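So the structure is just underneath, and the comments pick up after that.
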Amino acid sequence: IPQRIPRILIVSGNRLERMRLAAKLSEVSDHSQVAVCVLAESAKDALKAIQADQIDLALIRTELPDGSGLTLTREICKRGRVPASILLADNPTIDEAVEAMRCGAVDIVSCRAAAADLILSVRTAIDRSNTARTREARIERLTRVCRRLNQARHEVTQQVSSLCGDLVNAYQELSGQVLE
């Protein structure tokens, strides 16, 4: 089954950086396109793009013209079934990485990362996201099945209760006829 090419939202206030990242992620290697890129220059534009398009992953610059990439990542995570996020920083530190994870990002990557490293991080994040979506879909399906089974159990319980009542009535009638 051919897999759909992932859609990646690149959020950065720097147009050249957006274009450079898009070029890295749109490269065709091994005769397969890595990703389709959607570009946004601000947190506001990013949220609009997420609502309007099926985005698989958001690459978010830590500094944005209208706020923090951490705040945007937190907002994306609050929305539930939306894309995973990777933060982009000039020189990521351990403290930034910890804060990024607390906000819901799956990774933090240097803006100057080589194309191969960036693609590896993106593919890993998309794989994790797909695994999580598959797990959520299974849980939803199992929840629906459990609800139907529970409803069927209630119906069977009512029918058994009704049959027991009928059996008691029949027994009482039969015993009354035998005693006469």
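The values are calculated or read from the model by the stated rules, or taken from the named source; none is laboratory data. None of the values given here were measured: they were computed from a predicted structure. Positions of Cβ are backbone-derived with ideal geometry, glycine not excepted, and every protein chain shown enters the neighbour counts. Side chains are part of the model used for accessible areas, which takes the heavy atoms of the whole protein and leaves out ligands, DNA and RNA. Shrake-Rupley method; radii C 1.70, N 1.55, O 1.52, S 1.80 Å.
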_Close pairs from segment 12-28: first modelled with pLDDT of 90 or more, partner surrounded by fewer than 14 Cβ atoms within 10 Å (Cβ to Cβ), Cβ under 7 Å, at least 6 apart_ = 13/65
*asked:* Anything in segment 61-84 that is part of a strand (DSSP E or B) and touching a residue at least 40 places away in the same chain (Cβ under 8 Å)? List them, or say none.
replied: 61, 63, 64, 84
*asked:* Would you confirm, using the coordinates I've provided, whether residue 37 is within 19 Å of residue 6 (Cα to Cα), of a type outside the set (A, V, I, L, M), assigned to a strand (DSSP E or B) and touching a residue at least 24 places away in the same chain (Cβ under 8 Å)?
replied: yes
*Check 107, 166 and return the single one that is of a type outside the set (Ser, Thr, Tyr) and touching a Leu at 6+ places or on another chain (Cβ under 9 Å).*
107
*Kindly establish whether residue 88 is in contact (Cβ under 8 Å) with a residue 12 or more places away in the chain, touching a strand residue (DSSP E or B) at 6+ places or on another chain (Cβ under 6 Å), surrounded by 14 or more Cβ atoms within 10 Å (Cβ to Cβ) and in a strand (DSSP E or B).*
yes
*Output the number of the condition that residue 57 fails; it satisfies all remaining conditions of (1) open to solvent by less than 40 Å² (accessible area, probe 1.4 Å); (2) farther than 22 Å from residue 24 by Cβ; (3) aliphatic (A, V, I, L, M).*
(2)
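One line per residue, one yes/no per condition, for (1) modelled with pLDDT of 85 or more; (2) surrounded by 12 or more Cβ atoms within 10 Å (Cβ to Cβ); (3) of a type outside the set (Asp, Glu):
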residue	(1), (2), (3)
101	yes, yes, yes
109	yes, yes, yes
115	no, yes, yes
129	no, yes, yes
135	yes, no, yes
*Find all pairs meeting these conditions: Cβ atoms under 6 angstrom apart; at least six residues apart or on different chains; first residue within segment 92-105 and closer than 16 Å to residue 79 by Cα; second residue open to solvent by less than 70 Å² (accessible area, probe 1.4 Å).*
103/70; 103/73; 104/73; 104/77; 105/73; 105/85; 105/87
